[in-house]
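The values are calculated or read from the model by the stated rules, or taken from the named source; none is laboratory data. Quantities reported herein were computed from a predicted structural model and do not represent experimental measurements. No Cβ is skipped: glycine too gets one built from the backbone with ideal geometry, and neighbour counts run over all protein chains shown. We work out accessible area using only protein heavy atoms, side chains counted, and drop any ligands, DNA or RNA first. Shrake-Rupley method; radii C 1.70, N 1.55, O 1.52, S 1.80 Å.
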Amino acid sequence: MAAALNAYRYREENQFEYRIYSFYKGDRVEDRDIMYEWQRSAQDGHWFLRVGDPGPEEFFSHIDLHKGFHRPKNPMGYIPRRRPQHGHFASTDISSLLSPLKPDEQKHILFCVDWCKRFANAYERGEVKRTKADAARWAIEQHALIVAAAEKLHEDEGRKRQTMETIPAAPKGGTLLDWVTRYERADYDPIVFYDNTGKGRREHFTAPELVIINEHVAIKASSDRTAITELYEMLEAAFDRENDVIRKQNKALGAKVHKELRVPNIDTFRERCNQIPRGHLELAYLGKEAARNKNAAVRFGIDTDRPLERIELDESQVDLMTIMMLAGLWNKLTKAEKDVVSRVRLWITAAIDTATRSLLGLRFHPEEPSASTAVATLGMVFQDKSQLSETLGCVTRWKQQGNAEEVVIDSATWLASMAMRVAVLDAGACFFQPKAGDPRSKGTIERWFRTINRDALATFAGRTWGSPDEMGDLTASEQASIAYDQYAELMYRFLIDVYHNTAHYGLQGETPLAAWERLNKFYKPTPPMSQNIHRHIFGVKGTRKLTNAGIRFLGIQYWSKALHHLFLKKDIDVEIRVGISDLGMISVQHEQGWLNVPALHQEFAGMSVWKWMAFNKRLRILNQRTAKVHRSVALRAKEYLRNQAEIARAEAQLGTAVVNDDDFKRWEKSLAHTVEIIDDEEEEVPVLHDESNLIDLYSDMYAGMLLAREEAKAQKRAAEHAKTSKRGNSDRSKRPSASVEAAPATDRSSSSLDPAPAIAPSTSSRFDR
């Protein structure tokens, strides 16, 4: 009581308001490269224990934690726990994240988790007993229901039965019970299903033998679908040819200098073929689209009463033609311009909190939805978006953020992708996928899109999107780009200022912002996620060459002792994760997890990708082999760029495509190979150049991003068209000759015409739900 009274007096005397955070079992806090694990809570703070240190516990008051989490430089970071089920928290450390694992290992873990959840729900309902016989019986019945549901869904989509994806077999009764027991003992941590047996086992075959074996194993994962027995005969013939050469060499030398290659038996060869991931086989046998078709987990939704207890994520589409009609510009366009504008589609990906109806993440992007757009939107949920609302000139601060407990998505391929599921689990949340075709299971986000369609688009009616004189000689595509940027900005301002402050029917007349503030006072939130963990999970994925100097990315050199030790082991390309908002540090994949590798020069800390590109243009160091920049010049340029409105808008990413590694590699071609920060004493400090046109710089960057995605879409359409034409020619070759001769002109005329592009309606089906 005395300690609480002293804290109250301290707060009153210093006029300092702090926030009280709550922690749970297994929660950890990262503070200046030191990891603390939460032990217990007190009235005026919390007790933590350093990870790996059996020393005494350390106490952090509520004020210390508030100041630590809100430090401008190197703040404390909260590492959330996984919540596979309501009320359970799994204890794990950074090295046990799922994202560094291989795709087949991640797939195995997710498969085991799904079956354990099904069994737990059935056991709670009394449908199965915890015996091997009953578990085997229930698994067979459950597998039959899954197969039946998949077949019905396949037939409803109008596809043939032969093209249906193979459903994985159900586990045995004993295996399933073993999975459930391990899952419970591990406190519902999915990493318990990671199978690291055989790691480091010595290879039985020699390198020349493995070359022949791997060549024939790779043939198994091709579209030829060669049988194992035929492949083994080909393998034996290849070994015989090599052994004949070795025998001739030994005969010429007069001794058995070279050992003959050992031929594996057919069981060993079959086992190696069976180790090929099922996804690779399906990709070769069925094609890309059929291989990506997966089952959706089925269970009932739950009511929520806490902020971030359940968030729903989905996407929708609106075309530019609708906006220009509302703005009164459609009738002023020519027919050619209307054809161009009618094909411009705007995609919206949003994440909403079901308890408070608050918007947690929002992305406007011109490219079609994908796993990258979904993961980028999910990453906004865990970030502070106050800077974004300030840049847009909003009156209300967009402060809704936090660590989600459950993420609900639909059965779209990009939303149910492995990258999305792994990101959700690594972020400490539970992945929930409702049954396909049941919009009521995620009705909050569906209703939200209908509200936007009715209210938000109505605000654009009668708005002036630039007069004809202001447009000048701009083409229809350029006019569409201007209208699109204004649409994205106004939509952000409408949702942040209007939607969050409008009485909501589902909240009994309370506004989403008021509901968020009220419930956060009653249910104490967890601290913000660690910046390093956020970069590990949601950073842009890429690969770079590892050298003795470290890793070079966008002309910035990154190096650390741990990274150099990794280089001494092997000289390979490594996977990296980059946070586009801060180039001061990157994540490098290591066999034990992720490495935090800082930049050699700390002047890059806190500098975003957009600010870094402007930094290079302002100092005129583009297209140079090695650029030397004085430290005082770099600091002055960094201070100048901090106050530029164009950079703030670029960092807000209003309606731009999601940045990927291809964009980085394209930008690297125009940047200096290496940028080095030198002291002012080494050379004479030059005068800072005049201001650069940042609008042209970012326009070129955005145009390159859109062009790259259009080229990718064109290549995809060309491949699909070639595949369709090949299939059509194959079908015509199977027809009787009389029918072919009866209509030769019709076939020639139809094949000479290009397929007409499909024009989508003014609003998508997701808007009309």
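Are there GluC sites (Glu not before Pro) in the stretch 515-599 that DSSP puts in a loop and that have at most 11 other Cβ atoms within 10 Å, and which ones?
Values: sites: 517, 575, 591; in loops: 591.
Of the GluC sites (Glu not before Pro), the ones in loops of the stretch 515-599 whose Cβ has at most 11 other Cβ atoms within 10 Å are 591.
Per 0.36 nm of contour for each residue apart, how much would the distance between residue 47 and residue 121 grow if the chain were fully extended, relative to their Cα-Cα spacing? Show your work: numbers first, answer last.
Details: separation 74, 0.36 × 74 = 26.64 nm, distance 3.57 nm.
Going from the current span to full extension adds 23.1 nm.
Which value, in debye to the nearest 20, describes the size of the charge dipole of the stretch 27-81 about its Cα centre when Lys and Arg Cβ atoms bear +1, Asp and Glu Cβ atoms bear -1, and nothing else is charged?
Working: 8 positive and 10 negative charges, 45 e Å.
Here the size comes out at about 220 debye.
Using the average count of surrounding beta-carbon atoms within 10 Å as a protection proxy, the listed peptides 62-75, 305-318 rank, highest first, as 305-318, 62-75. The Cα atoms of the stretch 27-81 give a gyration tensor whose axes a ≥ b ≥ c have a/c of 1.5 or more with a/b no greater than b/c, which makes the shape oblate. Full extension of the segment from residue 447 to residue 207, taken as 0.36 nm per residue of separation minus the current Cα-Cα distance, would add 80.4 nm.
Pop the C-beta distance of residue 149 and residue 223 into the FRET formula with R0 = 22 Å and round what comes out to the nearest 0.05. All intermediate terms of the calculation are to be shown ahead of the outcome.
Details: r = 29 Å, r/R0 = 1.30.
Efficiency for this residue pair is about 0.15.
Using R0 = 56 Å, the C-beta based FRET efficiency linking residue 283 and residue 390 works out to 0.75.
Anisotropy class assigned to the stretch 97-193 is oblate, per the alpha carbon gyration tensor with a/c at or over the 1.5 cut-off and a/b no larger than b/c.
Report the gain in length on full extension from residue 214 to residue 397: 0.36 nm times residue separation, minus Cα-Cα distance, nm rounded to one decimal. Working shown, then result.
On the way: separation 183, 0.36 × 183 = 65.88 nm, distance 5.77 nm.
Answer, rounded to one decimal: 60.1 nm.
Pick out, from 126, 103, 149, the residue whose Cα sits farthest towards the positive end of the charge dipole of the stretch 97-193, with +1 on the Cβ of Lys and Arg and -1 on the Cβ of Asp and Glu. Of 126, 103, 149, it is 126. At the residue level, residue 432 shows approximately 0 square angstrom of accessible surface with a 1.4 angstrom probe and all protein chains present. Please say if the stretch 529-583 is rounded, prolate or oblate, where rounded means a/c under 1.5 for a ≥ b ≥ c the square roots of the C-alpha gyration tensor eigenvalues, and otherwise the choice is prolate for a/b larger than b/c and oblate otherwise? Prolate, because a/c is 1.5 or more and a/b exceeds b/c.
Projecting label points 7 angstrom from Cα along Cα→Cβ for residue 265 and residue 575 puts them 3.7 nm apart. Around the Cα centre of the stretch 530-608, unit charges on the Cβ atoms of Lys, Arg, Asp and Glu (plus for the first two, minus for the last two) sum to a dipole of about 120 debye. Using R0 = 45 Å, the C-beta based FRET efficiency linking residue 258 and residue 723 works out to 0.45.
Which pairs, out of 117/665; 25/521; 152/716; 107/665, put more than 32 Å between their alpha-carbon atoms? Numbers along the way, then the final one.
Details: 117/665 42 Å; 25/521 21 Å; 152/716 29 Å; 107/665 30 Å.
The pairs that break the limit, which is 32 Å between Cα atoms, are 117/665.
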